[in-house]
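First up is the structure itself, then whatever we jot down about it.
Only the coordinates and a few stated rules stand behind these numbers; no lab work does. Note that this is a predicted model, so its numbers are computed, not measured. Note that we place each Cβ from the backbone using ideal geometry, even for glycine, and neighbour counts take in every protein chain shown.
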């Protein structure tokens with residue numbers, strides 16, 4: 001499925017088997033973006049732990065906001081794998097088709113509510129022009145009522161998806177409709 005060898009679920013043993021089993025228990029299935037890392041089980045486990053912390057642990061950012069960051073960053077990087085993977089859960093939290101469309105295209109973000117628009121503009125700038133991010137950008141987020149912890153979480157989620165986009169794009173990770181749907185929340 002990718003440009004490098006992967007260890008399939010039925011062929012996994014040892015440490016990789018344990019990582020796969022935990023993923024299947026917690027998420028219900030195994031994503032291709034994780035399977036592509038199967039040749040390095042230690043890194044895969046750390047990656048999964050980071051993902052679970054950033055996307056599911058307690059935060060001042062809602063799950064919707066975190067999934068929206070994932071989609072905007074991935075759209076900005078033209079990473080179809082991650083756009084499609086995170087659009088599906090985003091649509092669980094956001095029902096307005098126009099809002100979903102704007103997030104998916106990373107366009108017309110100013111039409112969103114102020115907080116979400118500010119978060120996504122910041123994530124987009126950090127993705128495409130990180131050298132232009134300034135203290136004024138952080139002040140604008142504070143002005144929207146975001147705490148410093150929230151701003152840290154925005155930065156971490158944005159950086160994480162830039163990292164994952166490069167794994168997907170750099171190793172040719174593909175998706176299918178079946179693969180992107182039906183994960184446990």
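Tabulated results
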| read-out | value |
| --- | --- |
| Percentage relative contact order, the chain, counting C-alpha pairs under 8 Å, at least six apart | 31 |
| Burial ranking of peptide ranges 101-112, 159-170 (average Cβ count within 10 Å, highest at the top) | 159-170, 101-112 |
| Equivalent-ellipsoid semi-axes of region 63-171, from the Cα gyration tensor, Å, largest first | 20, 17, 12 |
| Extent along principal axes [Cα atoms of region 106-166; Å; largest to smallest] | 31, 25, 19 |
| Value of D in µm² per second that Stokes-Einstein yields for region 9-57, Kirkwood Rh from Cα pairs, at 10 °C (1.306 mPa s) | 146 |
| Per residue, the convex hull volume that the Cα atoms of the chain enclose (Å³) | 115 |
| Per-peptide average of other Cβ atoms within 10 Å, ordering 142-155, 68-81 highest first | 68-81, 142-155 |
| CD proxy at 222 nm, helix term only [per DSSP H run n ≥ 4: -39500 (n - 2.57); per residue of the chain; nearest 500] | -21000 deg cm²/dmol |
